[in-house]
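A short write-up of the structure that comes next.
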Amino acid sequence: QDKPVESGGGLVQAGGSLRLSCAASRKIFTVNSMAWYRQTPGTQRELVAGGDGRTRVPLSVMGRFHIGTDDGANMIYLQMNDLRPEDTGVYYCALRRYGRTSYTWGQGTQVTVSS
């Protein structure tokens, strides 16, 4: 049901960059909040980019992770630079449409950063 689909995860060396993609199932203009979250085993999902401003991203990703969109293609991206082993985890795209209070989540994509 209108779930976004992430792609672009993989294995990268520390210091490298990776761009994750999220294909929205509908037009971007129907979305009033978009975000990328990360989850590692045994931890809760944490916001790493985007969102509605109520939650701050960790200091560890500030200046390294950037969210962007291609409205024409209905795509949301997460550009990750200077990756570190602690960035390893499953990354999820989450979208909230106008008129809704909850986010719709993708299935996640695995990112592994080797030291």
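The values are calculated or read from the model by the stated rules, or taken from the named source; none is laboratory data. Bear in mind that the values here come from a model prediction, so they are computed numbers and not experimental data. Cβ coordinates were reconstructed from backbone atoms using ideal geometry, including for glycine residues, and neighbour counts include every protein chain displayed. For accessibility, only protein heavy atoms count, side chains too; no ligands or nucleic acids. Shrake-Rupley method; radii C 1.70, N 1.55, O 1.52, S 1.80 Å.
Let me check against my output: what whole-number percent is the relative contact order of the chain, with C-alpha pairs under 8 Å and at least 6 apart?
Across the chain, relative contact order equals 37 percent.
Within the stretch 67-88, which residues have the backbone N less than 15 Å from the label spot 7 Å out from residue 13 along Cα→beta-carbon, could you tell me?
Inside the label zone: 82-85.
Please work out how much accessible surface residue 5 shows to a 1.4 Å probe, ignoring ligands, DNA and RNA, in Å² rounded to 10.
The accessible area comes out at roughly 80 Å².
Compute the accessible area per residue over the chain, keeping the other protein chains in place, probe 1.4 Å, unit Å².
Roughly 54 Å² per residue, with all protein chains present.
Please give, to one decimal in nm, the separation of the simple spin-label points placed at residue 25 and residue 44, each 7 Å out from Cα toward the Cβ.
2.7
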